[in-house]
Structures are given as structure tokens and as C-alpha cells.
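**Student:** Quick one: this structure, given as C-alpha cells, is what I'll be asking you about.
The numbers here are math on the coordinates, done by the rules we state, and not lab data. Treat the numbers as computed from the prediction; the structure is a model and nothing was measured. Counting neighbours? That spans all protein chains shown, and the Cβs are built from the backbone with ideal geometry, glycine included.
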Amino acid sequence: MFRTPEGKDIFVVDGHTHFWDGSPENQKNIHGKQFIDCFYAYHTGMSPKDQLWEKSKFEKYSADDLYRDLFIDGPDDMAIVQSTYLKDFYKNGFNTIERNAEVAKRYPERFIVNGAFDPRDGEKALEYIHFLKETYDIKGVKMYTAEWNGASKGWKLTDPDAYKCFELCDKLGIRNIHVHKGPTILPLSKDAFDVHDVDHAATDFQGLNWIIEHCGLPRLDDFCWIATQETNVYGGLAVALPFIHARPRYFGEVIAELLFWIGPEKILFGSDYAIWTPRWLVEKFWAYQIPDDIAAERGVQLTDEIKEKILGLNAARLYNIDIAAKKTALASSPFSIAAE
Amino acid sequence: MATAASVSGNREKELWRCLGEVNDPELDEPITEMGFVERAVMTGDGSVEIDFRLPTYWCSPNFAFLMLDGVRKALDQLSWSPAYRVKLHDHMFAEEVNRGMAAGKTFGDIFAELAEDQDLGALRDTFRMKAFKRRQEAVLRGLRQHGLTDREILGMDLPAYDVARLEAGEAAKQKPRYRAALIERFPGRRADDPVFVTWEGQRIPTAALGAHLAELRGVRVNMEFNGALCRGLKQTRYKELDVVDGEPTLVDFIMDRVPARAAPTV
């Protein structure tokens, strides 16, 4: 729960968190090392200095660290923990659903565990989606189109195999498709951040919600255009929000564009833990105002009411969270970590 | 008569000036300002060695290629026509790119299997358009800030543009760069044609300038996102390279326990 300086309680759903193991012991090859190094560079490049972690903790943190940073020291009420396997890079995977489900079991009521699959696995991917639904009753998945798989260096949401998977998700009621839109490698001759496959997939699967993490940045204009046309496309603020510290004016331009184009109902807060921790992000976000000239040019304001939607109400709607019931359930959850 | 030292000094200046004209196509910022040229030295016989490092191992190989191709072309322009070696470090496709560059291969040759199209023409065009728009936005906003009316700005021809004054800053920096982009885009334009037109060559009506600027802002917001991220990542990567036994560790650097070292001057 985040209590504002005015004393109001804000329900916070952290739409994008991880519980990973990127430690050298788990790295399979140079790609695994480079992957966690890249995350660590994001962490060191954009966090306030007093929030920096040592590399070894960043590579592998405990379930208690996660719980404390999100819910005790941090303002989150609930967190969506995403699965990203990267089995070509890590011996036991980077953050598998098994690892995520374990932490969710240890701390009930707090986590929504999302699955992941790789459409390039064909029939096996379909079987795996059934398994995920039956075993973990997942409500959402995280798609990572830049993941390598043997000779393949990336895939698109519009690939025929991907469509078969989304048809199954639709049928099984796995409604929330989080898509990391980052640099896919294929095809090499195109702009690697292309988001147009989202447009087609969202049109063809109206029953699914498409949450585009990082708001498609650096293709914000394309993303906004698509999200404006498609009622079922949402934007996740992970990676965009940390700019609030290093370059607050720039963050103002981004959030003004989002509010102008897609509106306050379709933007979701996400810390991208453990790249960043939610406390400073939420505190700075609550205190933030869009600079006057930018707000005037776009005719938008970031009011308290809008902030509350972005911080939790929008995600609660997508995941059918009954906030009043949840508050009651959480009242009995631990507010300190028991000694081991 | 010029001494050997001054010849070498002049050549070094020329080398950095040429490299400074190569842009990261995606960011439209000089690779030297982004810190991607980690080392550029002349050996005793006048040949040149360049070490090139991008912010992450994962930077798109097509962007890497475009930049290295730019470096190759810049080095071909040097007045003393030196032999040169360009090396890309710590990139997932470093080996393929280095081998291909050394053999003078095209992008399609190097990545025949991974590249669907055989050339990067369309991608280059996209980047040219983005650079044009970003530069134009900076100058338009600068002129507005300088107190010119929208009518005066949109009525400007090239002679008027050339004498227009701007406060030091982003707009002043982009003014000659917009001029270059304009002339590259419209080589047949007349000197008295308006300077501010759309990428398609349409005049911008005064009433439409606000909407036009909003569109340009969108382009810049994307480019700046990459630019800021790349700078942050690049900085971190440099710091990590400095970790040597007995030397300050990465944490020392990020906790600001080590005095900052000046960036290489250009």
C-alpha cells in the first residue's frame, strides 16, 4: 500500500517484476553473462545512487529480498511476476514459472504468476500452454520475441505458430498477453524495434488484452497509433518510468504522449524489479507533475486520479482483482520477514 | 616547414573530425559523442587503428554495420589515404562483422542467412527521414524561442536561414545539420524555396505548425529514448572495463568513490 503525503491509501499493482537467477553458476555461455550484464547496466545507468545494488546481489537475490523490496520496504500490494526462460543462455533458465510459483506459494495473495511459451516449439508449445493452465491456472503470459531458440534469433507475434498459441490462450481464458517489445534480431534488414505485428495480432485476437511492455519505446509513436486504434492494447511503463529520476522532463514528454493518445485507462505501472525497486519509482511518480509547456501543448494533466489508475486500478481491472476483498486478505499477510 | 609532430597532430585532428561526421543512424548523433569510438590511433607508418564498442552486446547488428560502414567511408576520405583496421568489440556478431568488414563485404554478404533483404536501403531511408525531422524540430523550436513569429519562420528561404541567429544550445547545434539534411533531401531545390517543408516536400501552413511540431516531437521522443539509454549503458560498460586487480571496482565507480576521468576530447 502506498500512503500519499496527504494520507490517502493507494492500491498498487506492480505489473512487471522478476525473480531471476542470472548468477555465474547458472550462466550457460557468454550470452548469459552478457544478458545479466546488460540488465545491470540498466540498473546502474538509471537508478538513483542510493538505490544501487552490488553485482552479486543483482545476479541472484533471495525470495525474502523480493518480498521485502516489493511489499515491506516497497509500496506494492500485488505484483505480477513474469516468466522469462532464456534456456539457451541459462542452465536452469533465467526466471522460470517453477521458480516464480514457489515464491508465490511462500507468500500467498501477493503474486500473480504469468507463464511463458515459445511458439517456435510448435505442438510442444500448445501442450505446454495446457500444462501451464492446468498446473498454475495462469491468467497471463509474457512473450519475449527476442529470445533465441537454436538457429532462430527472434520471432514475430504474427508467425503462424504464434497464432495457434494465441488461439489456445483465448480458448483457455489466458487473457493477458504481455509483450516485451525490444530489439529482435530478425530480420536484420529491418528496424529492429518494429511494433507492427502487435497491430495485426490485437486485431485478430479481440478477446485478448495486449500489454506492450516499455510502451513500445523507442517506437512510441507507432505504439500510440496502434493502441489508439485497438481498444485491447495497453502500455506498461517499465523502463520508461525510471527516466523520472535521471531525465524528468523527458519522462514528462513520454507520459504526455501516452495520455494524449491512449488515455489514462490503458497505462500500467511496472517497476521491472529487480532492475529497479518500486519504492522510489512510486514516490517520485506520485510527486510528479508534467512541465507546464508540455502539458499545455498536449492538453493533458497527470492528476492524482489518473496516477491511481496507472498505479493499480488498471491492472486490477485486467486481472479481475477485487480490491476490497484483496485488502482484507492482505491485512493478515506478514509485514516483516521471519527469521529463517 | 611543418614538423613531423605537427603533421601527426593535424592528421589526428582530421581523423577525429572525419569520425565525428559518422552518425549513429538510429540516434542521429555522432558516434564520437556517443563514445562508441573507444580508440583511434595512428601507428608510426601513418596507418590507422579503430576500436569500436557499442553500449551492449545486443545492439542490433544492422545498426552496428551501418556505423562501421560509415567509419569505413570516413577513413577512405582521409587526405593521406592510410591503410586502416576497424574492429568491433564485445558484440554478439563481432566475429562475423569484423571478418566481413576486413574483406570489404556488404551487409548482405555478411548476413546472407539472417538478412531477408539483400540491402539496407529502406532502413537507411527511414533513418534519414527521422534525422531530418529531429533536426528540423530543434531549429523550429529554437527560432520560436528566439522570438520569431510562425509566419516569419515558415517564410524563411535559405539566405535568411543562414543569417538567422539562435541561442547556443540544441537548436544552434542542429542548424547546420538541418541545412545539410535539407540539401541532401532536395538537391534540386531553389535558394528562395522555403527552408521548412515536410519530408515529402510540402509547405507547412502557419495554422498547421503546432500539429507539425507535435508530430516531430514524437519522432524525437523515440530517438532520445535510445540516446539516453545508450549513453547510460555505454557509460556503465566503460566503467566495467576499468576493473583490474587492485584497482577500484565497479561498485566504487557507481558509488562515486573514484574521481571522474575526462572523456576523450574530440
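**Student:** How many nm separate the modelled label positions at A:GLN229 and A:ASP88, each set 7 Å beyond the Cα in the direction of the Cβ?
**Tutor:** Placing both labels 7 Å beyond Cα along the Cβ direction yields 3.0 nm.
**Student:** Within 10 Å of each candidate Cβ there may be at most 14 other Cβ atoms; applying that plus a DSSP loop requirement, which GluC sites (Glu not before Pro) in the stretch B:69-116 survive?
**Tutor:** In loop regions of the stretch B:69-116 (DSSP not H, G, I, E or B), the sparsely surrounded GluC sites (Glu not before Pro) are B:GLU113, B:GLU116.
**Student:** Please figure out what share of the DSSP beta bridges in the protein assembly as shown is antiparallel and state it in percent, rounded to the nearest 5.
**Tutor:** 30 percent
**Student:** Starting from the Cα-Cα distance between A:TYR163 and A:ASN320, subtract it from 0.36 nm times their residue separation and give me the gain in nm to one decimal.
**Tutor:** 54.0 nm
**Student:** Restricting to DSSP H runs of at least four residues, report the calculated mean residue ellipticity at 222 nm for chain A, -39500 (n - 2.57) per run over all residues, nearest 500 deg cm²/dmol.
**Tutor:** It comes out at -11500 deg cm²/dmol, rounded to the nearest 500.
**Student:** Moving on to the next point. Using the Cα centre of the protein assembly as shown as the reference point, and only Cβ charges (+1 on K/R, -1 on D/E), how large is the resulting charge dipole? Debye, rounded to the nearest 20.
**Tutor:** My answer is approximately 860 debye.
**Student:** Another question, then. I'd like the antiparallel share, as a percent to the nearest 5, of DSSP beta bridges with both residues in the stretch B:4-118.
**Tutor:** The antiparallel fraction comes to roughly 55 percent.
**Student:** When the gyration tensor of chain B is built from Cα positions, what are the square roots of 5 times its three eigenvalues, in whole Å, from largest to smallest?
**Tutor:** The equivalent ellipsoid of chain B has semi-axes of 35, 23, 22 Å.
**Student:** Classify the stretch B:4-118 from the C-alpha gyration tensor, please: rounded if a/c falls under 1.5, else prolate or oblate depending on whether a/b exceeds b/c.
**Tutor:** prolate
**Student:** Each label point is 7 Å from the Cα along the Cα-to-Cβ direction; what then is the distance between the points at B:ARG165 and B:ARG190, in nm?
**Tutor:** According to this spin-label approximation, the distance is 3.1 nm.
**Student:** Just tell me which aspartates and glutamates come within less than 20 Å, Cα to Cα, of A:LYS8; anything on the same chain fewer than 8 places away is out.
**Tutor:** Cross-link targets: A:ASP73, A:ASP76, A:ASP77, A:GLU283, A:ASP304, A:GLU305, A:GLU308, A:ASP322.
**Student:** Here's a follow-up. Here are some pairs, A:LYS28/A:LYS266; A:LYS55/A:LYS284; A:LYS57/A:LYS139; which of them have Cα atoms lying more than 28 Å apart in this structure?
**Tutor:** A:LYS28/A:LYS266; A:LYS57/A:LYS139
**Student:** So what is the diffusion coefficient of the protein assembly as shown in µm² per second by Stokes-Einstein at 25 °C and 0.890 mPa s, using a Kirkwood Rh over Cα pairs?
**Tutor:** After rounding, the answer is 94 µm²/s.
**Student:** Can you tell me which aspartates and glutamates have their Cα less than 12 Å from the Cα of B:LYS175? Leave out same-chain residues fewer than eight positions away.
**Tutor:** Those aspartates and glutamates meeting the cut-off are B:GLU137, B:ASP162, B:GLU167.
**Student:** Among A:GLU213, A:GLU305, A:GLU59, determine the one that fluctuates most according to a GNM of chain A built with springs between C-alpha atoms less than 10 Å apart.
**Tutor:** Greatest mean-square fluctuation among the candidates belongs to A:GLU305.
**Student:** While we're looking at this one, here's another question. Please compute the length gained on full extension between A:SER62 and A:ARG3, using 0.36 nm multiplied by the number of residues separating them and subtracting their Cα-Cα distance.
**Tutor:** 18.6 nm
**Student:** For chain B, what is the calculated [θ] at 222 nm in deg cm²/dmol (nearest 500), taking -39500 (n - 2.57) for each run of four or more DSSP H residues and dividing by its residue count?
**Tutor:** Helix contribution divided over all residues of chain B: -16500 deg cm²/dmol.
**Student:** Here is a further query. Give the average, rounded to an integer, of partner chain Cβ atoms located within 10 angstrom of each Cβ in A:242-251.
**Tutor:** Whole-number average of other-chain Cβ neighbours for A:242-251 is 2.
**Student:** Which aspartates and glutamates have a Cα less than 17 Å from the Cα of A:LYS133, not counting those fewer than 8 places away in the same chain?
**Tutor:** Qualifying aspartates and glutamates at Cα under 17 Å: A:GLU98, A:GLU102, A:ASP118, A:GLU123, A:GLU167, A:ASP170.
**Student:** Need one number: nm distance between label points at A:ALA296 and A:LEU172, each 7 Å from Cα along Cα→Cβ, rounded to one decimal.
**Tutor:** For A:ALA296 paired with A:LEU172, the spin-label model returns 5.4 nm.
**Student:** Still on this structure, I have one more. How would the stretch A:88-135 be classified by its alpha-carbon gyration tensor: rounded, prolate or oblate, with rounded meaning a/c under 1.5 and the a/b versus b/c comparison settling the rest?
**Tutor:** Oblate, since a/c reaches 1.5 and b/c is not below a/b.
**Student:** Multiply the residue separation of B:ARG151 and B:ALA211 by 0.36 nm, subtract the distance between their alpha-carbon atoms, and state the gained length in nm to one decimal.
**Tutor:** Here the answer is 20.1 nm.
**Student:** Here is a further query. Other chains' Cβ within 10 Å of A:253-260 residues: what's the mean?
**Tutor:** The per-residue average across the peptide is 2.
**Student:** Using only the alpha carbons of the stretch B:122-220, determine the length spanned along each of the three principal axes and report them from longest to shortest in whole angstroms.
**Tutor:** Principal extents (Cα only, largest first): 38, 29, 28 Å.
**Student:** Now for a different question. Distance cut-off 28 Å, Cα to Cα: go down the list A:LYS181/B:LYS133; A:LYS153/A:LYS307; A:LYS164/A:LYS307; A:LYS87/B:LYS87; B:LYS105/B:LYS133; A:LYS91/A:LYS181 and report the pairs above it.
**Tutor:** A:LYS153/A:LYS307; A:LYS164/A:LYS307; A:LYS87/B:LYS87; B:LYS105/B:LYS133
**Student:** Let me ask another. What does DSSP give for chain A in terms of the percent of beta bridges that are antiparallel, rounded to the nearest 5?
**Tutor:** Taking every DSSP beta bridge with both residues in chain A, the antiparallel ones total about 20 percent.
**Student:** Can you give the FRET efficiency to the nearest 0.05 for B:ASP90 and B:ARG128, using r as the Cβ-Cβ distance and R₀ = 35 Å?
**Tutor:** 0.75
**Student:** Now a separate question. Compute the Cα gyration tensor for chain A, then decide on rounded, prolate or oblate, letting a ≥ b ≥ c be the square roots of its eigenvalues: rounded whenever a/c is under 1.5, prolate when a/b is larger than b/c in the other cases, and oblate in all that remain.
**Tutor:** rounded
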